[in-house]
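Coordinate-derived values only; no laboratory data. Just so we're clear, the structure is a prediction, and the values are computed from it rather than from any experiment. Counting neighbours? That spans all protein chains shown, and the Cβs are built from the backbone with ideal geometry, glycine included.
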Amino acid sequence: MNNITELIARRLKYAREKLGLTQAQLSERLGFKDRQTLAAIEAGQRKVTAEELVRAVQALKVDLEYFTDPLRLVGEGSFNWRAHRNADLSLLSEFEDKAGRWLAAYRFLSRREPQADSALKPRLPLTERSAYEEARAAAEALGREWNLGKIPALNLETRLCERIGALVIYVDVPQAISGAACLLPNLSTILINRREPEGRRHYDLAHESFHLLTWEQMPPAHAETEIPRGGKGRRVEQLADNFASALLMPERTLAPKWQAREDLEIHRWLNETASELLVTAVALKWRLVQLGWLGKAELLDIDDRKLVANGRPKKDQVIPKRFSAEFVRCLHDAVLRGEISVRRTASLLEMTLQDLADLFREHGLPVPFDL
């Protein structure tokens, strides 16, 4: 089965099922004598003629590119969006469609053809029945196995790429959206709001890493809002939060720092240590509670308004470049090879030609077209 036949077959079936039509009902609309013809098409055993494809466009009320454009996601991909509690979730559908086009383009142009996930892909040995302590232990073990070092935030993105082939891209998303994880056949992706403070970006990356490593046994919700401290959220998200906390702030790193703090004022210690670990001071406070190093009495003495650290000092924080070096280089090389036009690339990213040129320059790449 060639790629275009497989693409049409998969999307035809998805469109039919989305409308709630049986094979017999759609076969009648397409003028087939029996449903076996449609069944063969959907199985990729028979090609669709041009005339039949036109009838399918009319019967299913879609455009022709719905069936033939490889730079679109149709019936593929699962998203998990992480948002602030006051997020306008109605914006997600529109942005998800846009992000889906980016990921479909990257997968196609980077030669990542859809295929079944490898049975050897790393997965965490956790389920919804797992205790929070097990999630934290899994994070500590993963940090050692992946050699994340004393400051895991510095190495996590690189290890995600090396160990599970994940693509991490930094994007401008609707207000109050932190990011998302997306699972596609043969492509795992994490999208991070590049405008978030550094400490939050690292926490979101660790949180979404949990979902990529447990998706099969614990599919996350399509959209999740952050759980208020002390509140009751979906258990999968609570496990993800416990995992992220332990991954970024491992006991092996914290123990000697906590033991050496002596008489250092607690707010100062939290802010300085959080800045060193590139996390938020508030997250660090709760990590100490998890470890049993802060009791209720000491917790009451901590004023969150004094916990100002959010990664490095604000003056030293840098907003990540748009998308990622790998993603932008993929599009750049595809333009050079003539696999995608300059105008379509700009349209895909919703940019002007000048914006696209600026994006290539931002990543140190020569502009492959004349303005």
Under 5 Å from the placed amide H of A223, counting only residues 5+ away or on other chains, we find W81
Measure up K257/K321; K150/K285; K150/K314; K98/K314; K285/K314; K285/K321 against 24 Å on the Cα-Cα distance and list the ones that go over. K257/K321; K98/K314; K285/K321
Net charge near L277 (other residues with Cβ under 13 Å of its Cβ; Lys, Arg +1; Asp, Glu -1) is +2
Taking the Cα centre as origin and putting +1 on Lys and Arg beta-carbons and -1 on Asp and Glu beta-carbons, what dipole magnitude results for the chain, to the nearest 20 debye? 400 debye
Place +1 on the Cβ of every Lys and Arg and -1 on the Cβ of every Asp and Glu in the chain, take the dipole about the Cα centre, and give the residue among L167, P185, S341 whose Cα lies farthest towards its positive end. P185
Can you list the equivalent-ellipsoid semi-axes of the chain, largest first and in whole Å, using the square root of 5 times each Cα gyration tensor eigenvalue? 44, 24, 17
Between the Cα axis of helix 353-362 and the main Cα principal axis of the chain, the angle (0 to 90°, nearest 10) is 40 degrees
Looking at the stretch 1-159, what % of the alpha carbon pairs are farther apart than 20 Å? 66 percent
Report the one residue of H202, A138, T37 whose Cα lies farthest in the direction of the positive end of the charge dipole of the chain (charges on C-beta: Lys and Arg +1, Asp and Glu -1; origin at the Cα centre). T37
For helix 325-337, what angle does its Cα long axis make with the longest principal axis of the chain, in degrees from 0 to 90 and rounded to 10? 30 degrees
Rounded to the nearest 10 degrees, what's the angle between the helix 132-145 long axis and the longest principal axis of the chain, both from Cα atoms, 0 to 90? 80 degrees
Mean 1/r over all different Cα pairs, inverted: what Kirkwood radius does the stretch 3-68 give, in Å? 11.5 Å
